[in-house]
Amino acid sequence: MAQKKVGIIVFDNAEVLDVMGPYEVFSVAGRLSEPCEFQVVLISDTEDKNVTLRHGLRIHTDMSIYQMQEFDLIIVSGGITTSAERNKNLLEFLVKSKARGTTIASICTGAFILAEAGLLGKNRVTTHWEDQEELQNRFPDLTVIPNQRWVESEGIFTSGGISAGIDLSLHLVQVLADLDLALRVAKQMEYNWNQ
């Protein structure tokens with residue numbers, strides 16, 4: 001089986017666990033599988049690969065959206081997304097990735113970025129409970145689903161806030177690999193997976 005390439009979009013003021021939760025899930029999945037089934041990279045939304053996440057955590061990403069590569073899965077983190085939503089290059093990167101057949105997912109308020117890119121259409125979606133009303137009001141064609149850890153609609157995945165991204169990431173391990181690996185990852189992380 002060919003190794004799956006997973007890219008996580010990060011930007012200034014992205015929520016720490018929205019980035020690091022999925023990163024941990026797919027990194028552990030790669031470590032536990034033989035041969036390694038996943039490679040995970042962090043992708044900045046600007047040419048500068050240095051990003052400051054919420055609470056002042058500084059990280060150096062592996063690449064930027066300007067270094068075009070193909071991915072099997074792209075996960076868009078959430079957080080304070082105002083600037084990212086206006087980043088035309090990021091939105092174009094996501095649209096082109098989807099057109100190439102890449103699976104697209106968002107964590108928390110990353111759904112706003114996907115909506116701005118025009119990728120959500122009239123889908124059923126979710127986001128952090130605090131932001132569901134705003135998402136519904138700004139994008140009235142969407143059907144925002146409350147009280148769900150994650151939602152799949154038309155092949156795009158969205159999750160609730162912060163720790164819900166871990167649940168979605170484990171599900172995506174199951175989708176891209178198998179249930180056994182996803183269960184082993186959850187056990188290794190000592191995480192009570194809400195399937």
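The values are calculated or read from the model by the stated rules, or taken from the named source; none is laboratory data. Since the model is a prediction, treat every value here as computed from it, not as a measurement. Counting neighbours? That spans all protein chains shown, and the Cβs are built from the backbone with ideal geometry, glycine included.
Only residues that are of a type outside the set (D, E, K, R), in contact with a helix residue (DSSP H, G or I) (Cβ under 8 Å, 6 or more places away or on another chain) and touching a residue at least 60 places away in the same chain (Cβ under 8 Å): list them for the range 173-193, please.
In the first step, residues of the range 173-193 are kept if they are of a type outside the set (D, E, K, R); the result is 173-177, 179, 181-183, 185-186, 188-189, 191-193.
Of the ones still in play, those that are also in contact with a helix residue (DSSP H, G or I) (Cβ under 8 Å, 6 or more places away or on another chain) are 173-174, 177, 181-182, 185-186, 188-189, 191-193.
173, 177, 181, 182, 185, 188, 189, listed by residue number.
Before we move on, is residue 88 under 25 Å from residue 124 (Cα atoms) and at pLDDT 95 or above? Give the derivation first.
On the way: under 25 Å from residue 124 (Cα atoms): yes; at pLDDT 95 or above: yes.
The answer is yes for residue 88.
Which count do you get for residues in the range 1-32 that are modelled with pLDDT of 95 or more and part of a loop (DSSP other than H, G, I, E, B)? Before the answer, list the steps.
Within the range 1-32, the first condition is being modelled with pLDDT of 95 or more, and the residues that meet it are 4-32.
Add one more test, that the residue is part of a loop (DSSP other than H, G, I, E, B), and what stays is 11-13, 15.
Residues in the range 1-32 being modelled with pLDDT of 95 or more and part of a loop (DSSP other than H, G, I, E, B): 4 in total.
Name the single residue, out of those in the range 144-161 being of a type in the set (Gly, Ala, Ser) and closer than 16 Å to residue 132 by Cβ, that is surrounded by the most Cβ atoms within 10 Å (Cβ to Cβ). Looking at residues that are of a type in the set (Gly, Ala, Ser) and closer than 16 Å to residue 132 by Cβ, I get 159. Scan the range 137-195 for residues that are under 14 Å from residue 29 (Cα atoms), in a loop (DSSP other than H, G, I, E, B) and among the small types (Gly, Ala, Ser) and jot them down. Scanning the range 137-195 gives a single hit, 177. Looking at the range 34-47 only, could you name the residues that are of a type in the set (Ser, Thr, Tyr) and surrounded by 20 or more Cβ atoms within 10 Å (Cβ to Cβ)? Scanning the range 34-47 gives a single hit, 44.
The condition (being closer than 24 Å to residue 16 by Cβ and either touching a Leu at 6+ places or on another chain (Cβ under 9 Å) or surrounded by fewer than 20 Cβ atoms within 10 Å (Cβ to Cβ) (or both)) is satisfied by just one residue among 182, 164, 99: 182. A single member of 131, 141 is acidic (Asp, Glu) and buried (at least 19 other Cβ atoms within 10 Å of the Cβ), and it is 131.
Can you list the strands (runs of 3 or more DSSP E) found entirely within the range 37-123 that contain at least 3 residues being over 20 Å from residue 138 (Cα atoms)?
Numbers: elements: 38-44, 50-52, 58-60, 73-76, 103-106.
Fully inside the range 37-123 and qualifying: 38-44, 50-52, 58-60, 73-76.
Of everything in the range 112-155, what is of a type in the set (Ser, Thr, Tyr) and more than 16 Å from residue 77 (Cβ to Cβ)? Give them in sequence order. Walk me through it before giving the result.
Looking only at the range 112-155, we keep the residues that are of a type in the set (Ser, Thr, Tyr), and these are 126-127, 143, 153.
Those that are of a type in the set (Ser, Thr, Tyr) and more than 16 Å from residue 77 (Cβ to Cβ): 143, 153.
Being out of contact with any helix residue (DSSP H, G or I) (no Cβ under 7 Å at 6 or more places or on another chain), over 30 Å from residue 37 (Cβ atoms), of a type in the set (Ser, Thr, Tyr) and surrounded by 12 or more Cβ atoms within 10 Å (Cβ to Cβ) is the requirement here; does residue 83 meet it? Taking the combined requirement at face value, the residue satisfies it.
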